[in-house]
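Structure first, commentary second.
Derivation of every value follows stated rules applied to the coordinates shown; laboratory data play no part. If you're wondering where the values come from, they're calculated on a predicted model, not measured in any experiment. A quick note on method: Cβ atoms are made from the backbone with ideal geometry, for glycine too, and the neighbour counts reach across all protein chains shown.
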Amino acid sequence: MKSSLPFAALAVVFCVHSLAPARGHSTQRPVNPTTPNETRNVIIDTDPGTDDAMAILLALNSPELNVKAITVVPGNAPGKQVLENGLRLVSLANRCDIPVAAGALEPMFQKLITNDAVHGKNGLGDIELPPSKCHVDPRFGPDLIIEMAHQMPHEITLIAIGPLTNLALALQKDPSVSSLIKEVIIMGGSINGGNSTAAAEANIFGDPEAAQIVFQAGWKVTMCTLGIGAKTVFTRERLATFSRTHGPENDFAVEVINRIIGYGEKQGWGGMRMYDPTAVAAALDATLVETEFWHVDVETQGAFTRGETVANRINAVERRVWRGDRYVFEGFDPVQPNVHVAVNIDADRFLNLFVARLSGK
């Protein structure tokens, strides 16, 4: 595996302010307008990960998506383990034609944080997949993103379901990537509290500096939030139906979901929350997710709020002018919205779709 090069300083990317919707107004947009029967070319950037594994299998079994590559980033487990998990997943699906490339080995400016409590020591709930028949691609993950963006300008959708380190490194190496990628769909962030901390969602908390770079890069970003993931609860009743069909992918998914349902029940959720597959769902069916178009920044300094995705719901900031002994509020200045924030999902239709795509596979 290749490691990322050290960086002397964080590239600062400023969002250009321009006219925005009036104060108090958010524009609802479909996640990704598509034409009927359109196939989207996608790169999945991932840290597999139990729910990442479910997302990858959903993508590989969805004819709407043409998975061109999988790039791997540490998060749910260390880099070597998540790379092995990615290779075993594409092997399970008999898709060794898809390049699987290692990315950065650690976040940009902090120590790696993994999640053994949820994802187990191997990242897949301690469920063992057969050794992979596939081989790792020798290219560095961010370089592969850059290469494919230039080969297929305006045709690649990035589905990012882990920390955003690889995407940020690609932008730092070649800023033109932001104008060549069709869309970035992220599972990450929250507008109403976190799961890693009171404020921060796990994927963003895994590398806040990288997330801020990605959010401010000027490309189209859709953020599938912790909030919509919380609505997609895979219950034991649904699992009983799913487990009546069989196949290598089907049976592995049943095992993973059964393990995570136990964790979810202890948390009072009633089942497994299907966080990462929501980003794949947003890519394959625009009507599943409802979004609002807001300006979003990532907090990188706060002692209690590091990693928080701060959504400006009014797309405006107060204008204050110094008047001798104090600042006086004189009105509002618009800020440019930069992220399509998912605020709702058709959870039942999404979960039915997931089961239908993997049943018997």
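Please name which of L169, T235, I260 has its Cα lying farthest along the dipole of the range 27-358 towards the positive end, using unit charges on Cβ (Lys, Arg +1; Asp, Glu -1) and the Cα centre as origin. It is T235, whose Cα lies furthest towards the positive end. What shape does the range 239-359 have by the C-alpha gyration tensor, where a ≥ b ≥ c are the square roots of the eigenvalues, rounded means a/c under 1.5, and otherwise prolate means a/b greater than b/c and oblate the rest? The shape class here is prolate. Note on the chain: the alpha carbon radius of gyration divided by the globular reference 2.2 N^0.38 Å gives 0.97. Think of each Lys and Arg Cβ as +1 and each Asp and Glu Cβ as -1; about the Cα centre, that makes the dipole of the range 27-358 roughly 220 debye. Of R88, R326, R349, the residue with the greatest mean-square motion in the GNM of the chain, using alpha carbon springs below 10 Å, is R326. Over the residues of the chain, the helix contribution to mean residue ellipticity at 222 nm works out to -9000 deg cm²/dmol, using -39500 (n - 2.57) for each DSSP H run of at least 4. Of all alpha-carbon pairs in the range 301-353, indicate the percentage at a distance above 15 angstrom. Above the 15 Å cut-off, the range 301-353 has 71 percent of its Cα pairs. Of the chymotrypsin sites (Phe, Trp or Tyr not before Pro) found in the range 302-360, those that fall in a DSSP loop while having at most 12 other beta-carbon atoms within 10 Å are F304. Once every Cα of the range 150-216 carries one equal point scatterer and solvent is ignored, give the base-10 log of I(q)/I(0) from the Debye formula at q = 0.20 Å⁻¹, two decimals. Normalising to I(0) and taking log10 leaves -0.78.
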